[in-house]
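Peer 1: One structure coming up, written as structure tokens, with questions to follow.
Since every read-out is calculated from the coordinates, none of them should be taken as a lab result. Remember, it's a predicted structure, so these values are computed and weren't measured experimentally. Note: ideal-geometry Cβ built from the backbone for every residue, glycine included; neighbour counts use all protein chains shown.
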Amino acid sequence: MKKFFQEIKADIKFKSAGPGQKLTESVGERAPKEKPNQPAVRQPRQGPTNEAQMAAAAALARLEQKQPKARGPTSQESIRNQVRKELRAEATVSGSTEAPGTNMVPKPREEGSAHLAVPGVCFTCPLTGATLRKDQRDAHIKEAILSHFSTDPVAASIMKIHTFNRDRDKVKLGVDTIAKYLDNICLHPEEEKYRKIKLQNKVFQERINCLEGTHEFFEAIGFQKALLPVPDQESPEEFYVLSEAAVAEPQSLQRHKDQLLVAEPVRATLARQRRVFRPSPMASQFDLPGDFFNLTAEEIKREQRLRSEAVERLSVLRTKAMREREEQRELRKYTYTLLRVRLPDGCLLQGTFYARERVGALYAFVREALQSDWLPFDLLASGGQKLSEEDSLAFNECGLVPSALLTFSWDAAVLDDIRAAGAEPNSSILKPELLAAIEKLS
């Protein structure tokens, strides 16, 4: 027992003796080393190398490929909601980051370039005959209508009503109301109440007063403003009162009413800008200005409307014919097209058209340039496709946008007659004044 307690005491002394020392250490080395009191300075962490970044990107790509793809919407309602979100996003982007008119095919040539096939899209004013650029037409037509008041105020006011007011539904409602006023006067010439129109009348204010040109029309056909007493009212109110001279000529009122009802807005017509070029191997090359690709604000709205209509079609099973029509609709993003026709002598006849115009417009354009405009002919698109003059297809539906080269071909019977007469089928067929202005295609 005594030995047992001695072993326990020896073990306690051994553990309390502290850390051991090597026999090879010197006395100076046995002193415990003091730890420095100053904190260690942290070295700045170096950024990943290029190789590490490339490896990390590759690892992320592998992880994305392994993850299951999210399934798209399956129900009809979820499909419609998804498309509506995309359309709203597109509308927001187009409205905030792009101004109207910037939706265009990449890399059109700058206007003013010497090598443009046409300097731009131009229009002709039907009132003055002036040739106008797109940004000049509205202001010029308004100025022409206002200047027409000095010669024919009735006609000028009718043009102003139909042209200055863009909302066609409001114009129709206002015009029908004015026609009703005039009908009452013509049907009841003895009734004085029909010859007076109260300006503060609710119908007059909502349907007529809101339209530009209506006051000028009333004054031009013989109405005059006057303050008249109103029963059960202390203060007088303003009325339009038809003059006695105008009452004596009901046929004039009827004529003015008919003119007002059948009138149309005054719009500038597209200038064909007809040009004739000598034979050239560059006939199929078109350098178009930006006007052929830009979309106006109205055209962008129409494009958004067409896309919105596509939402409903997503949930409907479509036939092949329906899909083909939708594909053709994509071509409607072009407003204009530049067409060239290669004639039998190799010369090129060029003109500008609306993309939605019918093929018959091109036949009429070519026929106007021919010496013998009564002879039948055919126009062939690329690949020998014959375009029928009676066909109701538009240029964009035929794929002839934004530019195309076509070939003139005589009707088979006409060609036989030309050869029987010993004439040259490939001789010039254009009018002399057009040949005198022929140009070189550069």
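Peer 1: Expressed in nm², what is the orientationally averaged projection area of the convex hull enclosing the Cα positions of the range 122-269? Numbers along the way, then the final one.
Peer 2: Values: hull surface 39.1 nm².
That works out to 9.8 nm².
Peer 1: Would you report the distance distribution of C-alpha pairs in the range 118-188 as whole percents per 10 angstrom bin, up to the bin with the largest distance?
Peer 2: Calculated P(r), rounded to whole percents: 17, 35, 31, 12, 4, 1.
Peer 1: Moving to a separate point now. When the dipole is taken about the Cα centre of the range 331-440, and only Lys, Arg (+1) and Asp, Glu (-1) are charged at their Cβ, what size is it in debye, to the nearest 20? Don't jump to the answer; show the numbers that get you there.
Peer 2: Numbers: 11 positive and 15 negative charges, 113 e Å.
The dipole magnitude comes to about 540 debye.
Peer 1: Compute the length gained on full extension between ALA420 and GLU249: take 0.36 nm times their separation in residues and subtract their Cα-Cα distance, giving the result in nm to one decimal.
Peer 2: Taking 0.36 nm per residue and subtracting the Cα distance, the gain is 54.9 nm.
Peer 1: Once phi is turned into θ = phi - 60°, what whole-Hz ³J(HN,Hα) does the Karplus curve with 6.51, -1.76 and 1.60 give for every residue of the range 339-354, x standing for Gly and Pro?
Peer 2: Going residue by residue, I get 10, 10, 10, 7, 7, x, 7, x, 5, 10, 9, 10, x, 9, 9, 6 Hz, with x marking Gly and Pro.
Peer 1: So, R0 is 35 Å and r is the distance between the beta-carbons of ASP232 and CYS186; what FRET efficiency does that work out to, to 0.05?
Peer 2: 0.70
Peer 1: Just the number: Rg to Rh for the range 331-440, Cα atoms, Kirkwood Rh, two decimals.
Peer 2: Working: Rg = 14.3 Å, Rh = 14.6 Å.
Ratio value, two decimals: 0.98.
Peer 1: Starting at the first residue of the range 205-216, write each ³J(HN,Hα) from the Karplus equation 6.51 cos²θ - 1.76 cosθ + 1.60 with θ = phi - 60°, in whole Hz, x for Gly and Pro.
Peer 2: 5, 7, 9, 10, 5, 7, 9, 6, x, 5, 5, 5
Peer 1: Between GLU237 and residues 5 or more places away or on another chain, which pairs have amide H atoms under 5 Å apart, with H built 1.01 Å from N, and which residues are they?
Peer 2: Close amide H contacts, sequence-distant or interchain: LEU228, VAL230.
Peer 1: Something else now. Determine ³J(HN,Hα), in whole Hz, for all residues of the range 256-264 in sequence, where each value follows from phi through the Karplus function 6.51 cos²θ - 1.76 cosθ + 1.60 and θ = phi - 60°; x replaces Gly and Pro.
Peer 2: So the Karplus estimates, Gly and Pro as x, are 5, 5, 5, 4, 5, 6, 9, 5, 10 Hz.
Peer 1: Between THR407 and HIS215, what is the label-point separation in nm under the 7 Å Cα-to-beta-carbon projection?
Peer 2: Calculated label separation equals 6.4 nm.
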